Amino acid sequence: MLEKHRQQLIKDILDQQQFASVRDLTEKLNASEATIRRDITKMSKRGQITKIRGGAESINGEPKKKHIASSAFIVDKAKRVNTKKLIAKKAADLCSNGDSIIINGGSSTYMMGEYLADLSLNILTNSFVLANYLSEHTDIQVTLPGGEIYREQGIILSSYDSDSSEYFHGTMMFMGTPGIGEFGVMGSDPLLIQSEKKLKKQTEKLVILADSSKLGKRSNFVFCRLSEVDILITDSEADKDLIKYFESYDIEVIVVEAVDD
């Protein structure tokens, strides 16, 4: 991650939660303590933040109005951003005018928004950040499932079996994942997996967006088996043996060129 991007994220995090320790920032930004301390010192000298013992705090007296997405979503969106955009564009290229599609929450799927802007689509999404983008920048018909806003994941989840999603039918469902490998498509939250499984029932094809760092990775839970995946979009840094492994499950693997960020 570029220094300017990392420092902007530090500022965004402090705007939301007022204070952050060095340890907290290193975990969120996947950087060393030395790097974070150096960033804090530079930003403090420029008057962007206040350096304090063990961390930093916002120069504002109180937190700003919360971002529509959490700092976790903002940080994830900044990782491998150029490669993720190419993956998102390739996913959008699978869509045609008049399609009804489902897009799950996530940083890669969020990036599909700008590439869908010129299409006439019906979209069901549990991502309120994507829904907000589409409503502001496109004429796409957007449907949201009922439920509560989970700011940390940037999504809407319902604890009820019945909501508006059961009346929606999509030709494809697009989703990201923390990992995909021999055990299938992974998930990290059982409530989110329950919601995604409900959406998957309403579609014909499952399209997974996963940059090469996600291939072969495991997480806490399994969303679905590889036999249920139709298309996987990844980048050229993906392990060739893993690609062959996925293709052995009749998954169409689409590879975009990886780009340095």
* Asked: How much accessible area per residue does region 160-261 have, in Å², with a 1.4 Å probe?
  -> 51 Å²
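Probe radius 1.4 Å, ligands and nucleic acids ignored: give me the carbon and sulfur share of the accessible area of the chain as a rounded percent.
Values: 5900 of 12970 Å².
Whole-percent figure for carbon plus sulfur exposure: 46.
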* In percent, how large is the relative contact order of region 80-218, given Cα pairs closer than 8 Å and 6 or more residues apart? -> 25 percent
* To do: Quick one: work out the % antiparallel among DSSP beta bridges in the chain, nearest 5.
  => 40 percent
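Grab the Cα-Cα distance for Thr143 and Lys45, subtract it from 0.36 nm times how many residues apart they are, and report the gain in nm with one decimal.
Values: separation 98, 0.36 × 98 = 35.28 nm, distance 4.62 nm.
Length gained between Thr143 and Lys45: 30.7 nm.
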* Any chance you could look up the accessible area of Tyr245 with a 1.4 Å probe, heavy atoms only, rounded to 10 Å²? => 80 Å²
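Mean separation of Cα pairs under 8 Å and 6+ residues apart, divided by the residue count of the chain: what relative contact order is that in percent? Show your work: numbers first, answer last.
On the way: 517 pairs, mean separation 40.5, N = 261.
Computed value for the chain: 16 percent relative contact order.
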* Rounded if a/c under 1.5, otherwise prolate or oblate - region 1-61, Cα gyration tensor axes -> rounded
* Structure fact -> XL table Lys217/Lys240; Lys28/Lys198; Lys85/Lys198; Lys84/Lys198; Cα-Cα > 19 Å flagged, in table order, is Lys28/Lys198; Lys85/Lys198; Lys84/Lys198
* Order these peptides, 234-242, 47-55, by their mean beta-carbon neighbour count within 10 angstrom, highest first. => 234-242, 47-55
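The values are calculated or read from the model by the stated rules, or taken from the named source; none is laboratory data. Since we're looking at a predicted model, the values are computed, not measured. Cβ: placed from backbone, ideal geometry, glycine included. Neighbour counts: every protein chain shown. Heavy atoms of the whole protein, side chains included, go into the accessibility calculation; ligands, DNA and RNA do not. Shrake-Rupley method; radii C 1.70, N 1.55, O 1.52, S 1.80 Å.
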